[in-house]
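Contents: one structure, followed by commentary.
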Amino acid sequence: MDADFTRYGCQIALPGFGDAAQQLLQKAKVLVVGAGGLGCPALQYLAAAGVGTIGVADYDTVSISNLHRQILYNPSDVGSRKAIVACGRLQKQNPGIKLIPHDLKITSDNVMDILRNYDIIVDGTDNFETRYLLNDAAVLLGKPLIYGAIYQYEGQVAVWNVKNADDTFSPNYRDLYPQVDATQIPNCAEGGVIPTLAGIIGCMQANEVIKYLTKTGGLLAGKVLIFDAQSLQSRVIKIGGVTKTKIEKLTETIDIPVITAKELESGNFELIDVRSVRERDLFDIGGKHIPIEEIEENLDYFGDGKSRVLYCETGKRSEEAVKLIKLKYPHAKVFSLEGGLKDHQG
């Protein structure tokens, strides 16, 4: 074994790993966008594992409210640039790798130039604008993107845009969420997040990176892993088959049927709640629970002609769910609750 690989002896000893896999890590270039709750644990384990070049993109500064979950930082770092501090800490952790700070905001003007220099991208961001920007750039460049998201006690992990043997690509972020109204979805500062969840999901993202680079294990491509930190239960949802093109085509050809709260009260409908488990635990108006991530695998449930109303907090996710159902069953009697539960409660 090379002297440089002594520190990696335990992972090199893994069945199917060996020196060859370690060399793949050493030659790899990984960009982590967002050195926050997800980025910190992902960065620490990628650096520790010996990824040869790691880029850290973040234009924010460390704040005191970050410290409960962003474990690369300490109180003396408050006010300092995250990308700079993170690279300094990681370089001390592993002097044998190269760290590149990108102390700037990723925008449409620079995203292509930055991403093209890396083999794989880790999305550790916390806003939809940047998520879509990274996704679209990765699709255009043909690069895989490791997605992670956390809110309260629930986390999600997926691998987008992996090239298949037939030169097609696995689903990307827009295939799961064609369009999101960010103003209708609370962030961690508003809704909270358990700090350990950031570590769990960030480590899962790092794990997917290592599997991709070393060609070991099955990737979460065409799937979304959903993890509940309270119950420690997880499930994997398949999302293959629904593409952004199909969604856009459907949107152009049909109107999404909606129903008002008053019409709902006077009619005979089965209710379908498409929100998350956590949202449903807080409040619901009854009916069957099928989270939007599970709609595609339950499409046949809606093909029997029964009248159903799908609902969520604002009506956005229920509209997307109706689109998916109508794509397979154009004559299905499904409706979205207009305005969602906010208007219904009002």
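The values are calculated or read from the model by the stated rules, or taken from the named source; none is laboratory data. Bear in mind the structure is a predicted one, so any value in this text is a computation, not a measurement. Methodologically, a virtual Cβ is constructed for each residue, glycine included, from the backbone with ideal geometry; neighbour enumeration extends over all protein chains shown. Ligands, DNA and RNA are stripped out before the accessible areas are found, and what is left, the full protein with its side chains, is counted by its heavy atoms. Shrake-Rupley method; radii C 1.70, N 1.55, O 1.52, S 1.80 Å.
Quick notes on this structure:
- In region 276-293, the residues that are free of Cβ contacts under 8 Å to residues at least 24 places away in the same chain and of a type in the set (D, E): D281, D284
- The residues listed here are D175, D113, D109, D166; of these, the one that is of a type outside the set (S, T, Y) and touching a residue at least 12 places away in the same chain (Cβ under 8 Å) is D175.
- Sole residue being at pLDDT below 90 and acidic (D, E), chosen from E270, E293, E338: E293
- Failed item, numbered, when G34 is tested on (1) closer than 22 Å to I121 by Cβ; (2) out of contact with any Ser or Thr (no Cβ under 9 Å at 6 or more places or on another chain): (2)
- Among residues of region 62-78 being surrounded by fewer than 15 Cβ atoms within 10 Å (Cβ to Cβ) and not aliphatic (A, V, I, L, M), the one that is nearest to L38 (Cα to Cα) is H68.
- In region 130-151, the residues that are over 19 Å from K29 (Cβ atoms) and β-branched (V, I, T) reach residues that are modelled with pLDDT under 90 and assigned to a strand (DSSP E or B) with C-beta atoms within less than 7 angstrom, at least six apart or across chains, in these pairs: I150/V193.
- For region 294-312, the set of residues classified as touching a residue at least 24 places away in the same chain (Cβ under 8 Å) and closer than 21 Å to F227 by Cα consists of E294, I295, E296, E297, C312, listed by residue number.
- Taken over region 1-56, the criterion of being assigned to a helix (DSSP H, G or I) and among the aromatic types (F, W, Y) is satisfied by F5, Y8, Y45.
- Search result, residues across region 4-24 that are open to solvent by 70 Å² or more (accessible area, probe 1.4 Å), more than 29 Å from the chain's Cα centre (by Cα) and within 17 Å of A48 (Cβ to Cβ): D4, T6, R7, C10, A13
- T53 vs. criteria within 22 Å of D113 (Cβ to Cβ), among the polar types (S, T, N, Q) and either at pLDDT 95 or above or open to solvent by 10 Å² or more (accessible area, probe 1.4 Å) (or both): yes
- Residues that are open to solvent by 90 Å² or more (accessible area, probe 1.4 Å) and touching a His at 6+ places or on another chain (Cβ under 9 Å), drawn from region 92-118: none
- Across region 15-25, the qualifying residues are those that are free of Cβ contacts under 8 Å to residues at least 12 places away in the same chain and not polar (S, T, N, Q), and the one among them that is farthest from Y118 (Cα to Cα) is P15.
- The residues of region 330-346 include none that are touching a helix residue (DSSP H, G or I) at 6+ places or on another chain (Cβ under 6 Å), assigned to a loop (DSSP other than H, G, I, E, B) and open to solvent by 40 Å² or more (accessible area, probe 1.4 Å).
- Number of the exception - G34 against (1) buried (at least 16 other Cβ atoms within 10 Å of the Cβ); (2) farther than 19 Å from L197 by Cβ: (2)
- If only residues of region 220-239 that are open to solvent by less than 40 Å² (accessible area, probe 1.4 Å) and modelled with pLDDT under 90 are counted, the one that is nearest to I200 (Cα to Cα) is I237.
- Filter result for R81 (open to solvent by 70 Å² or more (accessible area, probe 1.4 Å) and charged (D, E, K, R)): yes
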